[in-house]
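Written out below as structure tokens is the structure these notes cover.
We did not get these values from a lab; they are worked out from the coordinates using the rules stated. For clarity, every value in this text was computed on a predicted model and none was experimentally measured. Please note: Cβ atoms are built from the backbone with ideal geometry, for glycine as well, and neighbour counts cover all protein chains shown.
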Amino acid sequence: MNKLQAESGKTVQAYNVIGTPRPKVDAYAKVTGRALYADDIHLPRMLYGKLLRSPHAHARILSIDTRRAAELPGVLAVLTGADLPQKFGILPSSQDEHALAIDKVRYVGDPVAAVAALDPDILDEACKLIDVEYEVLPALMSIDEALAHPEVKINDEARIGNIHKAVSYEFGEIDAAFAAADYIREDWFYYEGNNHAPLETHACVAQWEPNPSDPVGGKLTLWSSTQTPHYVHRELSKVLGVPQSHIRVIAPHVGGGFGGKSDPFSHEICACELSRRTGRPVKITCTREEVFLIHRGRHPVKMWIKTGVRRDGTLLAMHFRSFLDGGAYGSYGLASTYYTGALQTVTYKLPCYKFEGMRLFTNKPPCGPKRGHGTTQPRYALEVHLDKLAHDLNIDPVELRRHNLIEPNTRTVNGLRVTSCALDECLAQAIERSGWNAFQARKNATDAPPLRRGMGIAASSYICGAGKPIYWNNLPHSAVQIRLDRGGGVTVYCGATDIGQGSTSVLAAIAAEVLGIQPERIHLETADTTLTPVDLGSYSSRVTFMAGNAALAAAHKLQQQLFAVVAEHLHVPAERLHAANDGIYDEDDPGIMLPFAQAVQLAEARFGALVAAGSYTPPEDIHGDYKGAGVGPSPAYSYSVCVAQVAVDEETGEITVEKLWLAHDVGLALNPLLVAGQVEGGAYMGYGEAVMEQQVFRKGRHKIPSLLDYKLATTIDTPEIETILIEIPDREGPFGGKEAGQGPLNPVIPAIANAVYNAIGVRIDEVPITPDKVLKALKTLSQGKGTGLQPTHSPSPWPTRLITWQPEEDLVADGQRTGPVSVRGGES
Amino acid sequence: MRELITLHVNGERHEVAVLLHHTLLEVLREDMGLIGTKHGCELGECGACTVLLDGVPVLSCLTLPVEVQENEITTIEGLEEHGKLHPLQETFAELGAAQCGYCTPGILLSGVALLQTHPHPTREQMKDFLAGNLCRCTGYTKIYAAVDAAAQRMAGGDPANVHPQVEVAHE
Amino acid sequence: MLRLPPFRYLAPRRLDDAAHMLVQEGEQAMLVAGGTDLYPNMKRRQFTPPVLIGLQAVAALKSISGSPEEGMRLGAGVTLATLANHPLLMQLYPALATAAGSVSTPQLRNAGTIGGNLLLDTRCNYYNQTEFWRHSIGYCMKKDGDVCLVAPGSPRCWAISSADTAPVLVSLDAQARLLSVRGERIVPVRALFRDDGMHPYTKAADEILTEIILPPAAGWRSVYLKLRRRGSFDFPILGVAVALRTAENGTVADARIVLGAVASHPVEATDAARLLIGQQLVPEVIAEVATVAARRAKPLDNADLTINYRKQITPVFIRRALASFA
């Protein structure tokens, strides 16, 4: 399937499109204001909708009376939970949401009713006229409160108290390993929750078109700012009782997602139902505050880590416990729970590993996937813990990592298959580019009291797409269809959703490379459940790898057809043909050439309409065979190393992150401009999480649901970012490519934390690292006390069956690189 | 009751019947079909709704149309002329300064205003001028590169000379 | 989308017309200039005035005049951007240029006015929230409720004076000109404030702030330091305005230290300032004065960062402000 990769001997320079920096295919639409986003859509007779949301963190609904709202002139429809009784949820194993609350509300912001009106100006008044009687219940607002009060049951999905899920795994002989260790260290860490804060708020337009001669009654179209049209498609069908064949979900341009637009949402379902009832299009655009309440953001996680090592720093055993604050509903939380324990093993060699994870329900907006999805928090814990270990053992923190790095083509103790891995190269490049050795050698030389400087490092890895789909099925994860028109036009169809990362451009580049045409010629239809074959969505960094491979397969089929007829026509063996520069020619004699459009006509005459489809399903043998093994496996892993340089003001505790170096093993950068953009964006977001972003609550509600109070880094705050792209093509990635959308974020937070320690000798074991914590830590340091992070009151015994598992012996490492190493760097 | 007002937008005179309490953001998007101007918060906390008023960046979400009838309003749609893009639009596209594109209209207009008053802006000046435009995707890195490249292009530099800064080092 | 409530809009071109309209419309009218403080508050329904009297068209409010000898007169409608970049201001009253230039963002400063900033609504993170949020918590004393949520036992409102220019103007001993149908009066800027989060200004409802008058610089130097998390957008968590005049021998002849964002009004640390008189600006003196001045700051938990932190930072910032003159 992947003939065009480095194994065949072609280097990056041999490609015409792949590997060159190019504008995104939608760049010009975006810079001219032509790109349409959901709220830009205006349809004739369109109504405006709004959700009424719960003012209580936890309450029973005693009654809802919508009469007064319905009678307000201009209001055309009002919905309550009784109108949409079917439960839904992104995960089949936690279908715990109602579009509108029926018996209970579980957080301030939980949707309770929906209205549609002629005029957006009367929506607030209409909502105020809905009379809801509540019986307020006690609210639990933290992991510790949730554990301490099982009698206050928030969500029936929890079997025991408010424990949504508990998992417990043991890989390898962990007790023996700890017993054999020369040194053991334990640490607690806390990572506060945070929000995706895409600049575009959630918005959708639903349009029901009645058709009395259709037994179903009509067809529904939903335009929505979503990352996952396919999953929205399925849940809409279930809740509305309309077959999927009669629902069309389209993602227009999406103004950022980062995981926050990957669930099916109440506003989408309600807009559809309101449209069905009124016969008119209905638009619902959420306010910024609503984005904070919809949330599905990063879980707050309390983590405990214990490792056993040999005196030389070799990791022997690790025991990791995570406690996730899930908010009021499941969302992706079960997967998040597994993710907090899954990837510890793919960065460093770990012969024995025990993981216990627990997700709690609380009366807060539900948490879900945010860039890094459940691996960001443990990465912070692990990389700071390793730094502390290095310090305890008097080993250089870089050497400690180098000593333990995982090797390519190995199987981890929890059954994950690592293939390509250029982590050592990432480490080397990050160290060199940042001047790490020189800095550490003359540390404090650049200090200008009260400013003290430090550098910190962290390594990380991420998946290139989840190995398993969200709902169990044996269907492809991604498919691409390509049509060649006899006029020379090329149309590529794929369900993949461009949320700014450039997935559409990747499809165009791949098709263009294989067919030998300019990518600008290609018309792309994406993210439309009626027109495009299913791609599961833009989450888990899957699109380049999976949709890219599907595009390769489809393009290749068409290339075969074109080459067959051109070979005949030009009297050249097909093996000598090459497609490039809008033509197909003899490699040995490029003058012998047929222009692309003519080739297409010949092929259509021979084969009929030229339409090909390609699909991609991840390999089966990439995971262990135990329950829960489905989270963590991926057809490939990307690797990243971050070096952070900080200056800390010892009098005010303010941290200035002066520069971030990000070395990222991307396999092969299909478009280095877009890859670098993702690295920089991930670094920026990691920086924000490290020092200023926090989804915090007070008196039962979100304390700061605005862009003024929830701090997003501005141009003034954002550090200089230097991107270093490392390329060892992956043998299964399209052209060797791997992901870049999420991996680079993870190492930034621990690198900054480690840099702060390097600067002022204090450990802040909580994220975000804010000035008040720094000052407090400096004070405690001077008093000789600890960090003060209290352990979580956790149940004993661990409330679930322990699963033990060992990988089989025949999965061996060959340690061989599969292609040339190439390194790219970009100054910011 | 709607009131008839006159707005000068992108060099054109428009009579628009508006509700007085609708902000310029809402009138542009909902009454005039100019959906290029975006909104991220409606409270002046993000800069997505930036438009130019006589060349000066302001927030359309906090501007009343009735107050700006004597001013020349420029929206993103007005940056191009007869389909020819402003150099900053060109370099934004060429150098990857727009990812999701949602902050792009606002940040382009702030950038254009910057280049008007500072034809060769330093990095510090870029940061200060763009400090009121949040971007969630790019880390601002390629935005600075695009402003720089546009400055060169506007000073008569060869357009073809502007290249994305991604070096390749081989073993 | 968050939208404004409906209102009638009046746009006088002359100051006396504006003053008359204010009386005619009475309590239901509010004045608005740049709108950068009022419109967000209206969208969140802190205010729902049926009538807005816009001052944007009143040319008289936009003038700036003055000289080093005479002092300066700043029309209340002059934008913060204009002030931040004004050469005379930057030379003679740098703290004011700094403060004006530190407000929010370039876009907002292009519309926001000095008058609007001086009369900024007080702020609190229980108050500056949407109507939905405030309804969900049962409202607060400052708007629609009875209890101060940050100090539930307190009989008064503790919303914070959050303007950057306010402490600076007090430290510069500026004056304010107020106009109404009843006539005109000039008051020291410091007399404009009241220690009350709900009614923080002594300006009468029928008065319009028309002008800020700065006394001649005459050897006064000034500095403004602002504590906030980010480099733009954010209001001050602490503002320190210091103005001082030194004698020939380098000792302090006169000084004013004013703290912003620590109370419902700008707080003058007069005792601390007095300690400076006759002293050289050496570290020990600075440290002592900063400690004394910082005692005037009693932050509550209704702004960003923790109370303890803000208390700890206050003397540091005052020290740094004083040290900048040395």
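Selection among A:His319, C:His86, A:Ile160 by position relative to the dipole of the protein assembly as shown gives A:Ile160 as farthest towards the positive end (Cβ unit charges, Cα centre). To the nearest Å, what is the center-to-center distance of the stretch A:448-474 and the stretch A:483-535, using C-alpha atoms only? Rounded to whole Å, the Cα centres lie 30 Å apart. Each peptide in A:333-345, C:296-308, A:690-702 receives the mean, over its residues, of other Cβ atoms within 10 Å, and ordering these scores from highest gives A:333-345, A:690-702, C:296-308. When the charge dipole of the protein assembly as shown is built from unit charges on Cβ atoms (+1 for Lys and Arg, -1 for Asp and Glu) and taken about the Cα centre, the candidate among A:Leu36, A:Asn363, A:Thr526 whose Cα reaches farthest toward its positive end is A:Asn363. Of the options A:Tyr348, C:Ala76, A:Ile482, report the single residue whose Cα projects farthest towards the positive end of the charge dipole of the protein assembly as shown (beta-carbon charges: Lys, Arg +1; Asp, Glu -1). My answer, from the dipole projection, is C:Ala76. Estimated from the Cβ-Cβ distance and a Förster radius of 56 angstrom, the FRET efficiency linking A:Leu118 and C:Ile277 is about 0.25.
Partner shielding of B:118-124 amounts to 1, given as the average count of beta-carbon atoms from other chains within 10 Å of each residue beta-carbon. The fewest-to-most ranking of B:Ser110, C:Ser324, A:Ser794 by surrounding Cβ atoms within 10 Å reads C:Ser324, A:Ser794, B:Ser110. About its Cα centre, the stretch B:2-78 has a charge dipole of approximately 140 debye under the convention of +1 per Lys or Arg Cβ and -1 per Asp or Glu Cβ, with nothing else charged. For the residue pairs A:Lys153/A:Lys468; A:Lys24/A:Lys219; A:Lys128/C:Lys142; A:Lys104/A:Lys261; A:Lys711/A:Lys773; A:Lys261/B:Lys127, the C-alpha atoms sit more than 28 angstrom apart in A:Lys153/A:Lys468; A:Lys24/A:Lys219; A:Lys261/B:Lys127. With neighbours defined as other Cβ atoms within 10 Å of a residue's Cβ, the residues A:Asp772, A:Asp214 order from fewest to most as A:Asp214, A:Asp772. Helices in chain C, meaning DSSP H runs of at least 4 residues, each add -39500 (n - 2.57). Divided by all residues, the mean residue ellipticity at 222 nm is -8000 deg cm²/dmol.
The charge dipole of the protein assembly as shown, taken about its Cα centre with unit charges on the Cβ of Lys, Arg, Asp and Glu (plus for the first two, minus for the last two), comes to roughly 2480 debye. Cα centroid distance between the stretch A:382-401 and the stretch A:268-289, in Å? First find each Cα centre; the distance between them is then 53 Å. Considering only C:Ser63, C:Ser102, C:Ser154, give the residue with the highest GNM mean-square fluctuation for chain C, with springs between Cα atoms whenever their separation is below 10 Å. In this elastic network of chain C, the residue with the biggest mean-square fluctuation among C:Ser63, C:Ser102, C:Ser154 is C:Ser154. For the stretch A:745-760 versus the stretch A:569-618, the spacing of their alpha-carbon centroids is 52 Å. Fewest-first ordering of A:Glu720, A:Glu125, B:Glu81 by other beta carbons within 10 Å of each residue's beta carbon gives B:Glu81, A:Glu125, A:Glu720. Distance between the pseudo-spin-label points of A:Arg310 and A:Asp396 (7 Å out from Cα toward the beta carbon): 2.0 nm. Please state the shape class of chain A: rounded when a/c is under 1.5, otherwise prolate if a/b exceeds b/c and oblate if not, all from the C-alpha gyration tensor. Taking the square roots of the gyration eigenvalues as a ≥ b ≥ c, chain A is oblate. Using the Cα coordinates of the stretch A:44-157, the gyration tensor eigenvalues translate into equivalent-ellipsoid semi-axes of 30, 16, 12 Å, sorted from longest to shortest. Where a Cα-Cα gap under 19 Å defines reach, which lysines qualify for A:Lys779, not counting those fewer than 8 residues away within the same chain? Straight-distance partners of A:Lys779: C:Lys311. Placing +1 on each Lys and Arg Cβ and -1 on each Asp and Glu Cβ, with no other charges, gives the stretch B:87-154 a dipole about its Cα centre of roughly 120 debye. With a 10 Å cut-off around each Cβ of A:99-109, the average count of Cβ atoms from other chains is 1.
Assign one of three labels to the stretch C:1-149, namely rounded, prolate or oblate, based on the Cα gyration tensor with a ≥ b ≥ c the square roots of its eigenvalues; rounded applies when a/c is under 1.5, prolate when it is not and a/b is larger than b/c, and oblate otherwise. It is oblate, given that a/c is not under 1.5 and a/b is not larger than b/c. Does chain C come out rounded, prolate or oblate by the C-alpha gyration tensor, with a ≥ b ≥ c the root eigenvalues, rounded set by a/c under 1.5 and, if not, prolate when a/b is larger than b/c and oblate if not? Oblate, because a/c is 1.5 or more while a/b does not exceed b/c.
Ranked by the mean number of other Cβ atoms within 10 Å of their residues, highest first, the peptides A:71-80, A:250-259, C:20-29 come out as A:250-259, A:71-80, C:20-29.
Take each peptide in C:110-117, A:627-634, count the other Cβ atoms within 10 Å of every residue, and average; sorted highest first, the result is C:110-117, A:627-634. Inter-chain neighbour count for C:166-177: the average number of beta-carbon atoms from partner chains within 10 Å of each residue's beta-carbon is 0.
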